[in-house]
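What follows is a single structure, written as structure tokens, with notes after it.
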């Protein structure tokens, strides 16, 4: 079933805060460097790569020397402004070392819901692809209060995948995929390698809590997978601790949990 990803040409990758930063809040430079190398290599192979990155608030927390993620919205917004600069500086530096050019897009929910702004976004993406640049996307946390309070980059990545007509969505997180139970609490929990349809029973397996630096948890990843698969986009949730596992996934090997994209004919039935 995973072989469906081997034919993907336009892929959205989403990376979470827990993958980008240490528990201290400081940036995991080695992991970001390896992720940049892998995505650059995929771009060189002829794929069209898009990166949706979390981490602005988490990296900002570390940069500002704060002990924990601010509890108030203005504090998180301030941390995001600092962290976003740091994130893009690192991405630009690392991707350029592999001959890649990146472009930053800070998106809010209204950008996707408003028809005119949505069209402008699509046109921008298509030009970036035409120019051979890699789009790097984050929510505009410094101004979009709604996103900070209610939103998450998992669902943003699914919306972006739909927006650009991606073939696949790959979500990198801090666990191996979807389990039959919470693996940190239940030793009998086993990884679920394939999900044909995301039902309420599947949602009931999810753990809602995210990391101290990030938001969400498996629930938001399932929401994103449901949004993407219902648009016919094959989706995978994998552990992002070793970005080179992306190669294995795209080669058709069993990595993480694969969610089958639903064909439009199946939806109508």
Every residue from the range 109-120 that is in contact with a helix residue (DSSP H, G or I) (Cβ under 6 Å, 6 or more places away or on another chain) and under 22 Å from residue 81 (Cα atoms): 111, 112
Considering residues of the range 200-226 that are in contact with a strand residue (DSSP E or B) (Cβ under 9 Å, 6 or more places away or on another chain) and at pLDDT 90 or above only, the residue nearest to residue 21 (Cα to Cα): 221
Residue, modelled with the highest pLDDT, within the range 82-104, restricted to residues that are farther than 24 Å from residue 122 by Cα and buried (at least 17 other Cβ atoms within 10 Å of the Cβ): 94
Any hit, the range 111-130, residues being modelled with pLDDT under 90 and surrounded by 14 or more Cβ atoms within 10 Å (Cβ to Cβ): yes
Any hit, the range 43-59, residues being at pLDDT below 95 and surrounded by fewer than 24 Cβ atoms within 10 Å (Cβ to Cβ): no
Members of the range 82-103 found to be assigned to a helix (DSSP H, G or I) and touching a helix residue (DSSP H, G or I) at 6+ places or on another chain (Cβ under 7 Å), listed by number: 82, 83, 84, 86, 87, 90, 91, 94, 95
Residues (in a helix (DSSP H, G or I) and either free of Cβ contacts under 8 Å to residues at least 60 places away in the same chain or surrounded by 14 or more Cβ atoms within 10 Å (Cβ to Cβ) (or both)) located in the range 68-81: 74, 75, 76, 77, 78, 79, 80, 81
Complete set of residues in the range 8-42 that are under 18 Å from residue 237 (Cα atoms) and modelled with pLDDT under 90: 16, 17, 18, 19, 20
Residues (within 15 Å of the chain's Cα centre (by Cα) and either under 30 Å from residue 123 (Cβ atoms) or surrounded by 19 or more Cβ atoms within 10 Å (Cβ to Cβ) (or both)) located in the range 165-204: 166, 167, 168, 169, 170, 171, 172, 173, 175, 177
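The values are calculated or read from the model by the stated rules, or taken from the named source; none is laboratory data. Source: prediction; values computed, not measured. Counting neighbours? That spans all protein chains shown, and the Cβs are built from the backbone with ideal geometry, glycine included.
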